[in-house]
Structures are given as C-alpha cells and as structure tokens.
Amino acid sequence: MRQTVSFYLNGVLQHVVPASPTQTVLQYLREQAGLVGTKEGCAEGDCGACTVTEAALDAHDNVSFRAINACIRFLPTLDGRAIWTVEGLSADGQALHPVQQAMVDHHGSQCGFCTPGFVMSLYTMYCNGKVRPVREEVLDHLSGNLCRCTGYRPIIDAALDMGNYPAPEGATMAQVQGWLKALRDAATEPLAITESAQRYWAPCSADQLADLFLAHPDATLLAGGTDVGLMVTKQLKVFPKVIYLGNVAELDVIRRDETSLYIGAAVLLNEGYEALVREYPEAHELWKRFASMPIRNSGTLVGNVANGSPIGDSAPLLIALQTRVVLRKGNARRELPLEDLYLDYRKQDREPGEFVEAIKVPLRDPALKVATYKLSKRFDQDISAVCSAYALRLENGQVASVRIAHGGMAATSKRATEAEAALVGKSFDESAVTAAMAALAADYQPLSDMRATSEYRLQTAQNLLYRFYLETTGAAATRV
Amino acid sequence: MTQNKYQTVGTSVKHESAHLHVTGRAQYTDDIPEVQGTLHAAFGLSERAHARIVSMDLTAVRAAPGVVAVITLDDVPGEKYVGPVIADEPVFADGKVDYVGQPLFAVAATSHDLARRAARLAKVEYENLEPLLDIKSAADKQAYVLPPARISKGNVPETLAQGPHRHQGSFYCGGQEQFYLEGQVAYALPGENAEMQVFCSTQHPSEMQFIIAHALHQPAHTVKVQCRRMGGGFGGKESQSWPFAAVAALLAHHTGRPVKLRADRDDDFMMTGKRHDFRVEYDVAYDDDGLIKAIKFEQQLRCGYSADLSGAVADRQVFHTDNTYFLETFDILSLRVKTNTQSNTAFRGFGGPQGIMAIEYVIEDIARRLGKDPLDVRRRNFYGKTERNVTPYQMTVEDNVIHELVDQLEQTAEYRRRREDITRFNAQNQVLKKGLALVPVKFGISFTATHLNQAGALLHIYTDGSVLINHGGTEMGQGLNTKVAQVVAEELGIGIEHVRVSATDTSKVSNTSATAASSGTDLNGKAAQDAARKIKAVLVAYAADHYGCDTADVVFRSNQVHCGERVILPFAKFVQEAYNARVPLWSSGFYRTPKIHYDFKTLTGRPFYYFVYGAACAEVIIDTLTGENRLVRADVLYDAGRPINPAVDIGQIEGGFIQGMGWLTTEELWWNKDGRLMTHAPSTYKIPSISDCPEALNVAFFSNGNVENSVYQSKAVGEPPLPLALSVFFAIRDAVHAAGNQPGTLAPLDAPATAEQILRAVHAVAPRLKLPELATEHG
C-alpha cells in the first residue's frame, strides 16, 4: 500500500504523509509547509482567499491549470498533481509576475487579504493562455473571489492589462507535463492511506472502485469534495472511510454516441457543462452561474447529480432533458431516469455499494425548445432560491410534449407533472400557460428559509414559466 | 486641475504594502510565526436567544483530546464586565444568555481543530426566557439599551396640521455584516513580570490594551497591543475585537503559554454585531414645490443585547437625518432598541447612512406624491449658503458646495436626457423596467465624542537618512499608512521610499483613538506632520547656525537640504552631521481637532470640524416577473478636498459605493423564529461579487479645497461614499414605480432590496402583468 502523497508544490516535489485523509490542502500549506500567503476567509469555498493553482494531465496528457479552493480540498487528492501558491510566483518577492505587477499598478489591493486568491485566479488564467482576456472572461474567472474593499473595478482593470507586461520566465508547459507524467509512472500502486483511524483509497480503475465500494458500502465517495469538504470544515464530521474517484481515468470521460451524451462520474463540472452546453446552448448561463470557477474546477457534474441536494442546479435541466443515470454495483449495472433516483430528501433509489457511474443526456431533438433559469440573491456564486428547466416540443402550435422541473421547490429536484398535464395537447398560448402556472401550486409546496419565502418561490416558479412562454414566442424582452 | 505644488502629497503613490499583498508576504496576525508551545483557542457559544443557564457541564470539553485549559467567567481575575462606553457585557455568560452566539466559555488546545471540536462537547441546560427578537415589538415594549434621545424645534404638530400637503409613512432597512475578509484574531504571548504582548487584528489597540489589563487586573503598562495590519475592519474591529483579544490574553495568563484565538467565519458571524438595522416612522408636511414645512421622525434602531457603541451610532443617525436639507420645524426621536441578538456595532458610516436614508426616503415620497422629479424636490430643500444653513443640532453649515456639486453631476451624468430615455424604455417594455436616481450626501467629519479627536505620532530619523514613523492609527486597507508616509516625506523633502511606517503599537504611541469616523488621516496625518515639523524646526535652527544662513533659506527638497544658496547636502549626510552635533533626531507629534464641541445631553453643538459632500447617480433595470435587477451605470462626484493620494481615494469611493450597494440590495441578515442567525457565512450571506460591479462606473473628484485647516487641505474619504449607494436603492424604487405607473402611489420597498423585496413591492403597486388571477394568490 502506498501511504505517501506525491505532488509538486511551487515546482518542488513533495512526498507527504497527511495528518489525516481529510486534512485540507489549506491546513497543510499554512500549518505544515509554512506557506501562509494562502489565506482562510471562510473554509467553505465561497470567498476565494485560499485559491491556489492546480495542474493535472487530461485524457490526452495535456496539462490543464485550474484555480481551486485549498480550504475544502483534501490533501491526498493532490497525489500525482502539481500546485502553485502565491509564494511560487515570485521567488524573491521583488521581480513580480505580470498578474502581480498589474495588480500593484492598478491599485488592485487595499487590505490585501483577498489579494493572493485573486492573484492565483489570474495566474491560472494566464497559465491557460488567457493572457489578454475580455471582460466577460475576467468576471467568469474571478467569480469565486470576494473582495470587500475595492469594489472590484481596479482588479478588473489589472486583469485586462496583464497581457501588456513582459512574459515571465518560469516552468514551461513541457516541464510541468514531464513532472506529471513522471509522477504517474512512479505511482505503481493506488494510494491507500490509514491514518488517525481513518482510511482513504484512491482506486485507479472503475473495477477497483466498484469492488472497494462493494466491500465498504459504508464508505464516503469523494469526487470534487465541494460538499464533503464542508462537512469536515464546518460540521467537524469524521469520515472513517473515504473512496476517492478522481484518479479513475475511465470515469473521466465524455462520449457522444448516436443517442446520448455520456458523462462519467469523474468529469469536472466545467468540462461536463462545456459538453452539455455544446449540445444545449441554453444552459450557458446556468454553467456560468453554477457556483464559481474554483468550485467548477473541483466538483463533478455527476457528483452534483448524485449528491441529490434539493437545491442542486444541474438536476432540473437534466430531468427536463430526460437524462438517465447509470448505476453500478460490483459488476452489475442498471439505468434509471434521473428523476426516479430521487426518492425523498437526501434519499435515493441506490443500494448499499451502488454508485452513479455516469449520466446519459439525450442528444438534442432539433424541435425541442429548452430553457433553464436560476433565481438567487446574487448573480455569481449563490445557491438558488428557485431553479427551473423546461423542454417543450410543439407540433402545429400544439404542445406535443413538455417536461418541467424545479430545484428549490420540494425536498428533491422534482418534475411539475400537474403543470405539464395542463399544457400537453393544448395550443401554446396565454390561456394554456396561465392554467399551467396555476397548476404549479398543486405540484409544489415549497419551504420558507433564508433564501426565499414559500410565497416567492411559488410565485416566481409561476412567473418563470410565463417568462419561458414570452421568450419562446418572442413576445417581450425579459432579462435584466 | 490646479498644478500640484507638492512632490509626494497629491500623487497616486502605490499602497505601501501592495508588493507584499500580491506576493503573499504581507503578514496578518494569523501569519505571525508561532512560538513553540502555542495553544489555540475556541469559544463555546450560546444556543439560545434568551435563557437562564441551569447548568453547564464542561467535563467532556476538558477531557477532549489536546485540551489544556477551559475557562469561564469565574476564571476572569479582574473585571468581568466590559464595554466601550458602558460595561454591560460579561466576558462570558453570567448565569444567563442574551443571544444565540454569546460566548459561554473558551477552550485552549494544542491545535485549532482540536479546540473547535472540544468546544462543541459542552452540555448546557437552559431555562428559556421570553426573547425580544424584532425591533417593532421590542420598541412597543420600550425595551432599550440606552434612554431615548430627541431633538426638536418649532411647533411640530401645528405646522404639520397646516400642510398644505401632509402624509405619513414608514419603512425598514436591514443591517449589514462587516465581512472583513480576515476574521477576528488575536495572539497573546505572556512575558516576564506579568507582561502580556498581544498581536490583534483591531482598529482600537489602546482599547484592547485597557480591556485586557482590566480583565487581568494588571496596570496598563504590563500590556502591549500591536497591529501591523488588518485584512479589513469596516468598524467590525473597533470595539468588538475585544472578546478575541481579551480571551486570548486570559487563556495565556491562565496557562502561561502563548495562545492564539482565531474565530472561524461562522463563530465570527454568530458572536459579533453588525450595522444597525432600523425602522423609521415619519410624518411630513410640505408645500406645492415639495419644500418641507415640518417633519417628525421616530427612528427605532436595533442595538442588540448591549449598549456597545449604539449611543454614538444613534446620535450620528440623528445628525445625518438632515443630509443636505434645511429642516426648519422638526422632531426627531431616536430609540435605542434592545433585542436578544448580536450587539450591533460600528460599520462604516456609523449611523450616518441610516440617517441619510431616512430623509431621502421622505424626499422621494414627497416627489412621488407631487408628481415631480425627486431631484427638483431635493434642490428645493437644499441648505442655503448664507441663510437656511443651520442644522437641527445647531451647527452652521459653512462649507456648503452641494448646489454646485449636484449641478455638475446632473450635467456629466446626463440626468435629464436619461430620464427621458428611461421613460420611453418603460413605455415600450412590459416586463423590464428601468429606474434612475441622483442622491446627494453631506457627511459630518469628526468623532462626535469630542475627546476622541486627538492623535499622537512618534518619528525617528536614523543617521543613514532613513525615517521611521509610528502613529496611533491602524491600517485596514484604507491606505492610512501610505498617506501618513506621504505627509512625512513631503515635510522632510525626501522620497517616500525613505519612509517606513511601523506597526501600530501601544508602547510607542499611547492612549490612541480608534481608527474610525473617517478620521484616520485627518488626525494621524496631522500628528505625523507635527512630529516632522518639530524635528525640522530643530534641524533648520542647527543648519542656519552651522552654515550661517537665514532659517528661511534652509530648504528640504528632493532628498537634499539646501542651507542658503551655496550649501546643498544629501539628506542622509545632513542628518549624520546633525547627529554629530548632538541634535535630537526624533520627536513626538500631537494633534487635536480645533473648533469642535458637543453636548450629548441636548444633542447640540459643533460635533463636526467640516463636512464632506458627494452625489451619485444610478441607473438600474429590474425584471418585474422575478425581481432580478442590475446596476447599469453609476456616476459619482465626490468632494475629497485636495486628495493626498487620488488613487487611494478613488479606491475608497468605489469600494464604499459597492459596499453600500451590497447593504441595500443583496446582503440580507436572516434570523429564524428562535433568534438564530441563519446567514452566517458567505454561502448564505451575499456581499457583492465581481459581476455586481457595473462596467459603467464613473468616479470623479469635485474640485474643492477644505475651508478648514486639514492636513494638506484634504478631506475624509472612508465613510461618506457608502451612503452614495442609496442612489441604487432609489433607482430600484423608481423602476418599481414605473412598473406600477400609477402617479402618486408609493411602493413599499424595504431594504435590502432583494429580488424578493422588489417583486413584493412591484405587486403592491402594479397589477400582475396581464396575468389573470392565479389559483393561489399571495401578497
């Protein structure tokens, strides 16, 4: 058994035995590695003060750089990867990287506490070749970094200007690729850690994963850890057994066959959504508003589905699109419509030892009209009060079929079967839509909480259906 | 622009720590290398809003792995109650709890993680008492932390009755969490002979020093508090850094070991106070032009469970209820309401934004009632220059530039043209509606507590020509140290690279005031200037004597000292010579703000040295189906006097504006029915993020000097930008009115104007968009 986590930290190879399998990268950096430039602002992946840059190989052995939240990322998941912290950008603290110099020159820091996180988000962009980004790209890449002092304008200006500085010297892409390949080659057996009465496995194949989970059905499956991480840092939960999916290359696949788009359990949110948006461009805004860049760089699309949260933003759209889930237990597989996976609040039709191996999203029917809307207090990185999705097929002005699903309206993401019934077979007009809006009240009895009242949820679910009608028929501008 | 006659002052010098910020080398309290044996602390917090503690069993806490010490109120050797004005807060709960999140005990363990885990193992038995949870019912019960205050003039009932127009209204505005990115933290190191050194992220090192000394029952000279910098403060680290400073010191005292207390974000939210939320009820009479004839306000401010700084916050709300308007006949009643929630505290603006919001809401209502543009009603009520220029608290406004400033912004923001464009847009769009508002601000500068308006500095020139300045202010990102360094460099005629500002340290400059009330540069800049001028005077005398020139011919400029026309020495060489001639190269400096006085019993006097003026024009768009909204464009014109550092000031203006926008739009504090705050981390509490910054954000300085003798004629810039964001709120309300399109009808929009609030207000004034009655009607 290999107990040592091997990774590059600011270009230097490290072999580390974690204090526990759920020790966070941030704890390691600040408390063990003595790198205190990376800050803790919230310990829940919402403020970005802990942002670091991760590099990993993709399926074609290309290096991709990703900004991630060190505060909710477990140290063992760095095995085989490389990360950079703010200390790694300027060896002497004098010769600054272009993103750092641009931040200084544009007065992009005030109290400076969020600054290392912003620098690392910008650095990641820079490493990925987005040296001269447009404003929209800047906002997207900095969607996970909060600043309370500046109001952001000077930071945006710095990002837009960073390409005008001389390119720095540093590790080349080929070098990084070499490190990562060498790490992979050196890892002759999967990582398996026993520490502080906790066990951690990082299987390398789907078969290993299936066998392990069958043998340890009480284990926690860990993909991006954007939810499990919080349970550790906020609820102080102890997980005796953790099985990590992130090293299973077979699950990190996106396949498009004649009927569906197959997205494996280890596909990151960003990559999963990119493929989904290629098929369904209507999901673009949802993608960009799904959490934040660093969360989408850690979390997986299947993880969001399998987590089964009633406020997960992917499920309503995927349900509307008739997505199926592929469940695996040992060597046995079965498929379910996604909506049938969810039985009740955090209860799923999933047996012990059974896991979601992939989702299958039907390919686009050109006649289908699709939309998905998200309502929350803030545009970026917020949890939905209501998230709705629609897939409508009209024939001769009549509703041939329609699927409507919502998040935030019930204990699970749930279809609006009454509203659907009110529409099917009717001509798609104001009176049918009005009847369907009224029917939503029979579909849902939403809760009141800090995000919205029950009244607002139901009212806007109704109004969003009306918006869908207006947009589908081109009747009025509806988006701020 | 007038030509800058200075070398360093007036230029956009980079923040003195910018290169440290971007490289991660700027050291915050939690980054200080830990001394061997350091323990880490965590609080155990109350789970009830109001209850008697029947029993508190800490056995499991003490037995938990890594735990070294657990302390409760019984373990406080000195004063068990603290408070910045009134000592009404127990260090730990004293037999009862007054809010969810109140500290019950603290634990020190060998790691941060172990301390947090242990703190959750307490078994506490409570007996519930009736809690006060909302402002209105608490106000109805006359539950106050401090007695009501009132100022009034004229026969208000009679004038109100005379009209010719009169109406009443009320609204609610929510509070705001400071959300400094760096949470509260302190690191206490016990030393020899009862000494205690405490590194603390605080805006008020001296107050922390005294609270620690009192809690430890030691004289103040045993305690040294230091703050290099904060990762943001915004008022939240003015008085309420005390639990962290004091308890770290108590545990260090108790264990004899260094103790770090870093609150995790949720504990920070649950324990500490926020901006005061408030209700306003008003009654106003006005003429056909919208000129206010009489106005009556009742302001109910939620103070939480203790007094903290609420008296001064409420006073400042009263002092800003006039904003830029002359009120002739008025009655302003301020209630300092007690509730079983966190003790609300300072937050950038300190009651000022709340006062300004009160009068602006009324002005907007008057305009709406009369069918006039609100800008015209605002103008009609502006303070005069030579008459109609006395505030409700009897201070004459001598530096009024609001007329010129608003005229200029009206032009540059193209207010009238855009008003027409928006009217047209609204007529053509069924679902989307736009709104526009231009809001002026007048903000009083000085601590209302007169004695706080003083500052000290300590300046050293070393014989190599390098300069070290220490002052009583603290750096929290606002660029205070940068500006103070600029002042010192300017005075000594040297480059700013030769000036270093040291960490704030109670053993260097004593009895400091909090860095607050926008006064950091005004006070500490002047104190540093005084220190520099004192040294310079001695050096000039030495040079005149030594080189036989007139003192008027000794000039410090460009890193050189000119002694008459012939002798020009590098600054370093000159000070080395002066040292050799036994001239002292260090000095203290001191400043106290002149002219101010204020009677806190009658709420009258001259509480402010001068006023800052500004105005903002905001355009928004709302979706009447969902309440979603977006700031399309904002134009700000701000009177910073002659800015010491324009870039730093722009940063304060923009940052304050966006922060104010957060207060009024997305930042919603939500307590459940048991009085537990449910929005206690960034996952649930939403401060503005990067997409909320509009692409069209135009900030300009209004060309103006300070009529008062401020440091280099600059004006304060910390707090006044924040209420400029009221333009966003009123633009939203304007858009809501457009949705209703019923002249004279007032939209009941409360703050924060979340999407839900906006939709509720839309429904109150507008029939639902052509939608027939739905099966379930709400609202």
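Readers should treat all values here as calculations from the given coordinates under stated rules, not as data from a laboratory. Everything numeric here is computed off the predicted structure, so don't read it as measured data. All Cβ positions, glycine included, derive from the backbone under ideal geometry; neighbour counts span all protein chains shown.
DSSP finds beta bridges in chain B, and of those with both partners inside it, around 80 percent are antiparallel.
Using C-alpha pairs below 8 Å separated by at least 6 residues, the relative contact order for the stretch A:95-164 is 51 percent. Exceedance of the 28 Å cut-off in Cα-Cα distance is limited, within the set A:241/A:288; B:136/B:601; A:181/A:329, to A:241/A:288; A:181/A:329.
Across the options B:588, B:339, B:320, the greatest Cα extent toward the positive end of the charge dipole of chain B (unit charges at beta carbon of Lys, Arg, Asp, Glu) belongs to B:588. When only Cα pairs below 8 angstrom with a gap of at least 6 residues are kept, chain B shows a relative contact order of 15 percent.
What pairs in A:426/B:434; B:338/B:385; B:224/B:483 have C-alpha atoms more than 32 Å from each other? In this structure, A:426/B:434; B:338/B:385 exceed 32 Å between Cα atoms. To the nearest Å, what is the center-to-center distance of the stretch B:631-654 and the stretch B:55-129, using C-alpha atoms only? With the stretch B:631-654 and the stretch B:55-129 each reduced to a Cα centre, they are spaced 44 Å. Whole-Hz Karplus values for the stretch B:422-427 come out as 5, 4, 5, 4, 5, 5 Hz, taken residue by residue from phi with 6.51 cos²θ - 1.76 cosθ + 1.60 and θ = phi - 60°; glycine and proline positions read x. Among bridges DSSP assigns within the stretch B:260-380, what percent are antiparallel (round to 5)? Taking every DSSP beta bridge with both residues in the stretch B:260-380, the antiparallel ones total about 50 percent. Out of every Cα-Cα pair that the stretch A:331-480 contains, those further apart than 25 angstrom amount to 35 percent. In units of the rule-of-thumb radius 2.2 N^0.38 Å, the stretch B:607-723 shows an alpha carbon radius of gyration of 1.30. For the stretch A:95-164, the equivalent ellipsoid derived from the Cα gyration tensor has semi-axes of 16, 13, 11 Å, listed largest first. Based on alpha-carbon atoms, the Kirkwood radius and the radius of gyration of chain A give Rg/Rh equal to 0.98. Projecting label points 7 angstrom from Cα along Cα→Cβ for residue A:1 and residue B:586 puts them 6.1 nm apart. Dipole size of the stretch A:95-164 about its Cα centre, with +1 on Lys/Arg Cβ and -1 on Asp/Glu Cβ: approximately 80 debye, rounded to the nearest 20. Taking all Cα-Cα distances within chain B, those exceeding 40 Å account for 38%. Placing +1 on the Cβ of every Lys and Arg and -1 on the Cβ of every Asp and Glu, with nothing else charged, gives chain B a dipole about its Cα centre of roughly 300 debye.
Think of it as helices only: each DSSP H run of n ≥ 4 in chain A is worth -39500 (n - 2.57), and spread over all residues that comes to -9000 deg cm²/dmol at 222 nm. Label-to-label distance, residue A:430 versus residue B:96, with points set 7 angstrom from Cα along the beta-carbon direction: 6.0 nm. Basic side chains Lys and Arg get +1 at the Cβ, acidic Asp and Glu get -1 at the Cβ, and with that the dipole of the protein assembly as shown about its Cα centre reaches some 400 debye.
With a Cα-only, solvent-free Debye model of the protein assembly as shown, what are the log10 I(q)/I(0) values at q = 0.04, 0.09, 0.10 Å⁻¹? The Debye formula, applied to the Cα set alone, gives -0.23, -1.21, -1.48. Here is the tail figure for the stretch B:285-373: Cα pairs spaced more than 18 Å apart come to 47 percent of all pairs. No solvent, one uniform scatterer per C-alpha: report log10 I(q)/I(0) for the stretch A:207-267 via the Debye equation at q = 0.23 1/Å, two decimals. Debye curve over Cα of the stretch A:207-267, log10 I(q)/I(0) at q = 0.23 Å⁻¹: -0.97.
Farthest toward the positive end of the dipole of the stretch A:253-473, out of A:379, A:423, A:448, is the Cα of A:379, where the dipole comes from beta carbon charges about the Cα centre. Based on alpha-carbon atoms, the Kirkwood radius and the radius of gyration of the stretch B:165-318 give Rg/Rh equal to 1.18.
Going 7 Å from the Cα of residue B:168 toward and past its Cβ, which residues in the stretch B:295-328 have a backbone nitrogen under 13 Å from where you end up? Counting backbone N atoms under 13 Å from the label point, the list is B:296-298. The Cβ shell under 12 Å around residue A:143 holds other residues with a net charge of -3, Lys and Arg each +1, Asp and Glu each -1.
Secondary structure note: in the protein assembly as shown, about 85% of the DSSP beta bridges are antiparallel. Between the residues B:63, B:658, B:147, the greatest Cα displacement towards the positive end of the dipole of chain B, with unit charges on the Cβ of Lys, Arg, Asp and Glu, is found for B:658.
Return one number: the angle in degrees, 0 to 90 and rounded to the nearest 10, between the long axis of the Cα atoms of helix A:430-443 and the longest principal axis of the Cα atoms of chain A. In chain A, helix A:430-443 runs at an angle near 70 degrees to the longest axis.
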